[in-house]
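*Asks:* Got a structure for you, questions after.
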Amino acid sequence: MAKQLQCDVLVIGAGPAGSRAAMRVASEGLDVILVDCKTRIGERPHCGEFVPYQLFSEFALNRNSIIHRIDNLETRIVHDKSKLEFKTNSVQSNGFLIDRPKFDRNLAVEAATSGALVMSSSRFTGFTDHACVLKSIGDEIAVNAKYIIAADGAHSSVRKKLSLFTEDCTVGYQIEAPIVEPSGSSAIVFLDRDFFGGYGWLFPKRATANVGVGFLPSNGFSPAAALGDFRAMLIRLGLIKPGWIARTSGFIPGLGIRFPVIVDNILFCGDAAGLAHPITGAGIAQAVFSGDIAGKFVAKALKSKDSSTINRYQDVLLERYGGAYGHALSKKKLQLELWKTGDFVELCDQTWISFKGYKKRERNF
């Protein structure tokens with residue numbers, strides 16, 4: 001027989017969204033359980049680990065996860081790979097490269113310090129008798145919660161159990177490689193026709209760099225092979241050394257906000273809600289924000305005993321991201337239509353955020 005637990009709020013997923021949500025609810029004196037399937041919260045991140053500098057001031061986050069400051073974003077459109085010829089531009093892009101495992105653990109510790117019960121190695125497996133079923137270190141646990149905040153990633157198990165859409169993901173492969181020169185303050189993005197609807201990146205972290213590729217699945221093309229070719233090109237360019245310190249892979253939602261973001265007493269946030277930018281894939285800041293406001297409105301609903309309060313959550317998401325994501329999604333649709341057959345340099349000029357053409361509205365979509 002499954003063990004029984006009760007709480008005001010069950011948060012599934014202890015990434016930036018889930019941990020921030022758990023902290024907000026627990027800080028209001030409510031009973032919160034925060035679970036994560038990983039044995040060690042934060043391990044094996046698959047993102048580039050870049051965040052905008054405003055994130056740490058907006059949410060007063062622990063800054064000890066900051067590794068390196070980034071001041072510029074250089075974009076190189078691959079014109080002729082064999083000759084290493086590129087069309088290049090550079091724009092100001094203030095942010096930080098972070099130690100993502102430390103960043104996530106900081107947030108989980110903050111949630112625990114605020115009063116949340118945090119449990120790693122605890123996987124959501126489904127619903128039964130109005131409870132959430134977890135598998136936790138060999139035990140089956142049924143959790144009866146008044147509200148559920150699902151922050152369990154791009155391939156959200158909660159969404160799948162509710163038969164909600166999750167098949168919009170970009171696949172990402174990344175290594176941490178030794179860098180040739182002491183890192184400067186520029187991150188580099190490579191736009192290549194081989195990276196369908198995505199890009200390659202080199203984000204410096206002092207003595208090493210995150211080197212990765214992310215793109216939508218395409219017939220006959222292997223992400224692992226694409227990363228190998230990309231790494232070889234960066235070695236030829238004299239940017240990184242052979243070998244790698246770490247290797248990760250994962251999925252990022254690629255087509256904007258996933259509706260619905262509220263189903264009965266369940267709120268989705270972070271990647272589970274599709275809150276990664278449709279063009280860049282950036283999502284850490286969005287995860288923290290969405291977790292923060294999800295926790296805020298759930299706490300208000302519980303204290304006021306007015307369940308309609310949680311509906312404000314979707315309104316605030318749309319106020320913050322609706323316009324920008326709608327525009328980005330129109331650019332993504334243009335990319336997918338013309339990526340394989342159009343003038344690639346012109347397409348990048350129109351659809352990549354650091355080029356002037358990105359500001360132009362797409363009327364066809």
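*Asks:* Sort through G274, G326, G291 and tell me the only one that's at positive phi and in contact (Cβ under 8 Å) with a residue 40 or more places away in the chain.
*Replies:* After applying the criteria, what remains is G274.
*Asks:* How about the stretch 330-365: which of its residues are in a helix (DSSP H, G or I) and more than 23 Å from the chain's Cα centre (by Cα)?
*Replies:* Correct list: E337, L338, F344, V345, E346, L347, D349, Q350, K356, G357, K359.
*Asks:* Evaluate the stretch 309-321: report whether one residue or more is free of Cβ contacts under 8 Å to residues at least 60 places away in the same chain and more than 26 Å from the chain's Cα centre (by Cα).
*Replies:* Within the stretch 309-321, one or more residues are free of Cβ contacts under 8 Å to residues at least 60 places away in the same chain and more than 26 Å from the chain's Cα centre (by Cα).
*Asks:* Here are some residues: L134, L107. Which one is over 22 Å from S290 (Cα atoms) and at pLDDT 95 or above?
*Replies:* Checking each option against the conditions leaves just L134.
*Asks:* So which residues in the stretch 91-100 are surrounded by fewer than 19 Cβ atoms within 10 Å (Cβ to Cβ) and touching a residue at least 60 places away in the same chain (Cβ under 8 Å)?
*Replies:* V91
*Asks:* Inside the stretch 145-173, can you point out the residues that are over 21 Å from the mean Cα position of the chain (by Cα) and surrounded by 23 or more Cβ atoms within 10 Å (Cβ to Cβ)?
*Replies:* Across the stretch 145-173, the qualifying residue is only Y147.
*Asks:* On to the next question. For the stretch 281-300, give me each residue that is of a type in the set (G, A, S) and either under 9 Å from the mean Cα position of the chain (by Cα) or surrounded by fewer than 23 Cβ atoms within 10 Å (Cβ to Cβ) (or both). Reasoning before the result, please.
*Replies:* Restricting attention to the stretch 281-300, the residues satisfying the condition of being of a type in the set (G, A, S) are 281-283, 285, 287, 290-291, 294-295, 299.
Within the stretch 281-300, G281, A282, G283, A285, A287 qualify.
*Asks:* Right, here's the next one. Anything in the stretch 312-359 that is among the basic types (K, R), farther than 14 Å from P278 by Cα and surrounded by 13 or more Cβ atoms within 10 Å (Cβ to Cβ)? List them, or say none.
*Replies:* If the condition is that a residue be among the basic types (K, R), farther than 14 Å from P278 by Cα and surrounded by 13 or more Cβ atoms within 10 Å (Cβ to Cβ), then R312, R320 are the ones that fit.
*Asks:* Quick check on this structure: which one of L30, L34, L55 is at pLDDT 95 or above and within 17 Å of the chain's Cα centre (by Cα)?
*Replies:* Criteria check complete, one pass: L55.
*Asks:* Something else now. Is it fair to say L34 is in a strand (DSSP E or B), under 22 Å from S136 (Cα atoms) and not aromatic (F, W, Y)?
*Replies:* yes
*Asks:* Here's another thing I want to ask about it. If the requirement is being touching a Ser or Thr at 6+ places or on another chain (Cβ under 8 Å) and among the charged types (D, E, K, R), which of these qualifies: K102, K87, K81?
*Replies:* Unique residue meeting the criteria: K102.
*Asks:* Using beta carbons and a limit of 8 Å, which pairs, at least six apart or on different chains, have the first residue in the stretch 340-361 and free of Cβ contacts under 8 Å to residues at least 12 places away in the same chain and over 20 Å from W201 (Cα atoms) and the second one surrounded by 17 or more Cβ atoms within 10 Å (Cβ to Cβ) and not polar (S, T, N, Q)?
*Replies:* Short answer, once both residue conditions are applied: K356/D349; G357/D349.
The values are calculated or read from the model by the stated rules, or taken from the named source; none is laboratory data. As the structure is a computational prediction, the values presented were derived from the model and not from experiment. All Cβ positions, glycine included, derive from the backbone under ideal geometry; neighbour counts span all protein chains shown.
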